[in-house]
Structure formats: C-alpha cells, structure tokens
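Encoded as structure tokens, the structure appears first; notes follow it.
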Amino acid sequence: MSATPQMGAWVFVCGPSGSGKDSVMAYAQQALAARPDIVFTRRFVTRPAHAGSDHDALTPAAFAVLLQAGGLRWHWQAHGFSYGIASQYGDAVLAGGLVVVNGSRAHVHSLPVSPDVRVVHVTADAEALARRLRQRGRDSAEAVAQRLERNADFDGTNADCVIVNNGELADAGRQLADYLAEASPAQLAR
C-alpha cells in the first residue's frame, strides 16, 4: 500500500511599500536554497523589469493572452499593473512543496480560506516605511503620503505570520526562512 502524498501549500508574502518585503524574501530564498521543497516563484508583471527584478515583464496584450490560455494560477491588479503567477507552480504544490509568492495585500484579502493557502505579512513602523519610501526615490512626497495612508486598510490581521522589519535585514530574513522551513509540508511529515 502506497502512502498518499501530502498536499503542499501556497505562501503569499505581502506588505506595505517600504517594508523591505523583497529584500526579506531574497534573504530567505538564499537561506533556503538547499531546500527543493520550498519554491520561490517569479511573477509576470505588465511593467518593465530591471536588474534584480523578481518578475518577467509582459505587455498587457501578452498578459491577457496568457491569462485566457489558462497559463496563470493566480492573477491580480495593483498600482495600475497586472500581476500573475504561472500555472506550472501548482505542480510543486500538488507534489507537496511550499510555493512562495511575492503577493499584493489587496489580492491576499481576496484569497480563499484554505489549508493550502497561507499569508505572511512583512511590515515596519510608519517612520521606517516613510524613510525607506523617500530613500527609494520612486514616489513624490504626495505619493509617499498616500501609500502610508493606505496602510491602515491592510493591517495583517489575517496573516499566519507577521514579520516586523524595523531592524537588521538578517533578523527579518531569518524569521521568514524559519517560518517557511517549519511550515513546509515536507518538514511537517517528518
């Protein structure tokens, strides 16, 4: 008699602009590089990619074709762009893996409640968020203020794990890596 394979899970990592979410995820991905059961996705986004991006750029038309063809397992809109996760990542979940998605807070709030969907919220205090947004230099002062104001709508209350990234990147990155390592179905089966 063969054992039934354990279903994996999707882990959506979200957080406000300036929380350092991308850096925290990159740290955890590097720390977990030897774990084939933990897969970090690349996203399709309808904006240009830059060096070090965790996404592949698509035109809006190419994104629509991919979506229509069933090539996206998850998709959402944020900040005027379309985001999507390739359907093939679902194979890793079916095989018992933990698939980590760089998500959007708005999209996360619309996710179904399911044992195979988990949420990690990376955040920081308002002062750190404002400082990081100003240092990033992508937004006007008005846009920074709007982003900070929007944070009240997404406080992380439905998150399975909340990481406050006010200090050293290594601290927050290690927290995410530890959470993913402990949450992995392969780890739980041991």
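Give A9, A51, A28, A33 a once-over and let me know the one that is free of Cβ contacts under 8 Å to residues at least 12 places away in the same chain and closer than 24 Å to R118 by Cβ.
A33
If I filter segment 110-123 for residues that are surrounded by fewer than 18 Cβ atoms within 10 Å (Cβ to Cβ), under 23 Å from A28 (Cβ atoms) and over 19 Å from the mean Cα position of the chain (by Cα), do I get at least one hit?
no
Looking at segment 65-85, which of its residues are hydrophobic (A, V, I, L, M, F, W, C), more than 17 Å from C14 (Cβ to Cβ) and in contact with a strand residue (DSSP E or B) (Cβ under 7 Å, 6 or more places away or on another chain)?
Across segment 65-85, the qualifying residues are L66, L67, L72.
Any read-out appearing in this document is the output of simple, stated calculations on the displayed coordinates, not a laboratory observation. If you're wondering where the values come from, they're calculated on a predicted model, not measured in any experiment. Don't worry about glycine lacking a Cβ; one is built from the backbone with ideal geometry, like all the others, and counts go over all protein chains shown.
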